[in-house]
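Novice: Starting off with a structure, shown below.
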Amino acid sequence: MLAIAGWDQGGHEQELKQLATELGLAWKDLRTSGTTGQRDHGTTGAGDEKAESRKQKAEISNLQSPISKLQAPCSVVFLGPQFNAAKAVCYRHCDAFVLPSFSEGLPMVVLEAWANSKPVIMTPECNLPEGFQAGAALKVGTTEAGLIAGLNELKRMTDAERMAMGSRGRDLVLERFTWSRVANQMQGVQEWILGGGAKPDCIW
């Protein structure tokens, strides 16, 4: 099942729904009212588990995936924007995360997927080459053929192999993308700019 989450952009969501209909694929829009425009306070990940309250953890544990509410099987579901506990539940229940982007700065959604130990399919344009180097992501192109090849490769992998890929992603986040590490890097950059330290490794 393909679950599409996030904001619509340029009417592409309606195009995807129309395409699914033309292809004879069963699809459903699962979003509920009251979610659009809410502020996102992050998801359960590697860098914020200690700060998360027991109440929030219980809420996430008790929430079911919205897909579990389906009355009939579907090939494609549209979730719309996901926030806070609802977003964490989506990461928890998915098998893999796909971001076939044409251009990204630093895609937080990939870091969140890794923090939740999920294997990732992404394009080089996502600008996280360390994910490929660490074996935490499959590299695909932005063409239809490239995406098909990546999805088929993911499908051929065993459950253990996908879990291992997700674990490598979580290790990568813990090693390079936690709040404490980023804060230390920022401090080093500021000290370097002010002439009080050596050029930090994070500056190329």
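The values are calculated or read from the model by the stated rules, or taken from the named source; none is laboratory data. From a predicted model like this one, the values you see are computed outputs, not experimental measurements. Cβ sites come from the backbone with ideal geometry, for glycine too, and all protein chains shown count toward neighbours.
Novice: Residue 181 - would you say it is part of a helix (DSSP H, G or I), within 19 Å of residue 92 (Cα to Cα) and in the same structural domain as residue 103 (by TED's automatic domain parsing)?
Specialist: No; evaluated as a whole, the condition is false for this residue.
Novice: While we're here: What is the residue count in the range 131-174 for residues that are among the β-branched types (Val, Ile, Thr) and free of Cβ contacts under 8 Å to residues at least 12 places away in the same chain?
Specialist: Going through the range 131-174, the residues among the β-branched types (Val, Ile, Thr) turn out to be 140, 142-143, 148, 158, 173.
Subsequent filtering for residues that are free of Cβ contacts under 8 Å to residues at least 12 places away in the same chain retains 143, 148, 158.
Number satisfying all stated conditions: 3.
Novice: Could you tell me which numbered condition residue 150 fails, if it satisfies all but one of (1) within 14 Å of the chain's Cα centre (by Cα); (2) crowded, with 18+ Cβ neighbours inside 10 Å?
Specialist: (1)
Novice: Next up: Filter the range 130-174 down to the residues that are under 18 Å from residue 117 (Cβ atoms) and in contact with a Ser or Thr (Cβ under 8 Å, 6 or more places away or on another chain) and list them by number.
Specialist: Result: 163, 166, 167, 169, 170.
Novice: Of the residues 97, 177, only one is touching a residue at least 12 places away in the same chain (Cβ under 8 Å) and under 25 Å from residue 76 (Cα atoms); which?
Specialist: From the options 97, 177, the qualifying one is 97.
Novice: Here's a check for you: in the range 7-47, which residue that is within 16 Å of the chain's Cα centre (by Cα) and loosely packed, with under 13 Cβ neighbours inside 10 Å is modelled with the lowest pLDDT? So that I can check it myself, show each step before the final result.
Specialist: Going residue by residue through the range 7-47, those that are within 16 Å of the chain's Cα centre (by Cα) are 7, 40-47.
Then drop every residue that is not loosely packed, with under 13 Cβ neighbours inside 10 Å, which leaves 7, 40-41.
On the way: 7: 89, 40: 48, 41: 43.
It comes out as 41.
Novice: Same structure, new question: Count, please, the residues in the range 61-95 that happen to be modelled with pLDDT under 70 and surrounded by 18 or more Cβ atoms within 10 Å (Cβ to Cβ).
Specialist: So the count comes out to 1.
Novice: Do you know which residues across the range 103-144 are under 19 Å from residue 86 (Cα atoms) and surrounded by fewer than 17 Cβ atoms within 10 Å (Cβ to Cβ)?
Specialist: Selection gives 108 alone.
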